[in-house]
Amino acid sequence: MKFPVLSLLAARILSVSAGTVLWDGRFNEFTSSTDLNNWSWGNQVGSYQYYIHGSSAVTAYVNLSPSYKNPADAGSKQGAKITLDNTAYWNGQNMRRTELIPQTSAAINKGKVYYHFSLMRKDTNAPATTREHQIAFFESHFTELKSGWQSGAAGVSDPLLRWCIGGQTKWSTNWDADVWHNVAYEIDFSAGTVGFWHSTGSNPLTQIVAPVAASTSSNGADWHVGVLELPRDGYPDSTEDYYWSGVYIESGSLTTSVSGPGSPSDGGSSPISSSSSSSARSASSTTFSTSTTSKAITTSTASKVTTTSTTSSAPATTTSSSGCTASQWSQCGGIGYSGCTTCASPYTCKKSNDWYSQCL
Ligand SMILES: *[C@@H]1O[C@H](CO)[C@@H](O)[C@H](O)[C@H]1NC(C)=O
């Protein structure tokens, strides 16, 4: 007789202890990664924008499976394996990149929000320790994870997984195989601070680094769920796999349990369904520059790009920002773009499609 009351109470306590999910990137509505192909610039549906990848089929770069998730993550039906292979060059760039971007008009770039994800590597197709990798980053690199040898560093290789603010390492650990690293970036866009929550395996998140000052900025469509690898002469393009679980963005109070808010079997009741991005499909920004590119090598200076938050309706055509120049690889035009339209010498602005032109 007591159980119904107790479980009701427990449910209420659970529902108030979790925050509100602003955007749910946990792949629960995906049958397979080919669902990512549903999204295009002209048809911005689903929970992810899919455009930063090489020219092969999506299954060369992203695959979904229950065996790819953190087993402790009860909120996810499956995890994602994100791959860099020797074709993973995006848009003529010299960096290998496979990245997903949240598709949402929710306020993921305002106030205080928590960006959740779990990351793991295996010994098979391990990320190279001899090249710099930027993981779960924003365009301006105000916060991100990094792995491998860091550009400009002495030596040849580096076994660390790092958490960085503006390119400066604030926390690191040896990136061992088969260990799930659960992360929440505690971002306060109003205060201009970021804190770091972390745990391994099934342990609840704890705050490892209290909020520190950061140049927080995002247009709401520039968090890169995936990896960018900087080029390095003399090192081969071996295949690398990155495993992701429990990707979501939350406001309110932080969910520290790795089992996450909600579960795939509860039909999305309570906070998730009300604010899930899959119902928020308005055109979001097409502004994304590639400041992550050559400038990313000196990440602390990579924050010069103007991004604009967008609006609800169909994007307007490019409005030029005067008096500035876009660097090599940066975006310089496209529908909805409002950054610099002049390329730094000797590069010229080349149109890829109606939504994207780039300095090449
Ligand atoms: C992608 O489109 C297919 C066909 O319309 C649909 O069945 C599927 O649910 C879509 N996937 C997502 C994740 O929205």
Packing-based ranking, highest mean first, of 203-212, 124-133 given that Cβ atoms within 10 Å are counted: 124-133, 203-212
Net lengthening on full extension, S172/S238 (0.36 nm per residue, minus Cα-Cα): 21.4 nm
Packing-wise, with mean Cβ within 10 Å as the measure, how do 140-151, 213-224 rank, highest first? 140-151, 213-224
Among 22-34, 187-199, how do they line up from the highest to the lowest mean number of other beta-carbon atoms within 10 Å? 22-34, 187-199
Among V225, V58, V113, which comes first, then next, by fewest other beta-carbon atoms within 10 Å? V58, V225, V113
For the pair K110 and V179, the simple spin-label estimate (label points 7 Å beyond Cα toward Cβ) gives in nm 3.9 nm
Taking a ≥ b ≥ c as the square roots of the Cα gyration tensor eigenvalues, with a/c under 1.5 meaning rounded and otherwise prolate when a/b beats b/c or oblate if not, the range 36-140 comes out rounded
So, counting K/R as plus one and D/E as minus one, what does the shell of residues with Cβ under 15 Å around D123 add up to? -1
Return an integer: the convex hull volume of the alpha-carbon atoms of the range 19-279, in Å³ per residue. 116 Å³
Pull out the extension gain between S55 and T200, defined as 0.36 nm times the separation in residues minus the alpha carbon to alpha carbon distance; nm, one decimal. 48.8 nm
Mean separation of Cα pairs under 8 Å and 6+ residues apart, divided by the residue count of the range 19-279: what relative contact order is that in percent? 30 percent
Rounded to one decimal in nm, the spacing of the 7 Å Cα→Cβ label points at V212 and D123 is 3.4 nm
Determine the distance separating the Cα centre of the range 235-257 from the Cα centre of the range 172-199; give it in Å without decimals. 10 Å
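Taken together, the values in this text are just the output of simple stated rules run on the coordinates, not laboratory data. A quick note: this is a predicted structure, and the numbers were derived from the prediction, not measured. Neighbour counts are summed over all protein chains in view; Cβ atoms, including those assigned to glycine, are modelled from backbone coordinates with ideal geometry.
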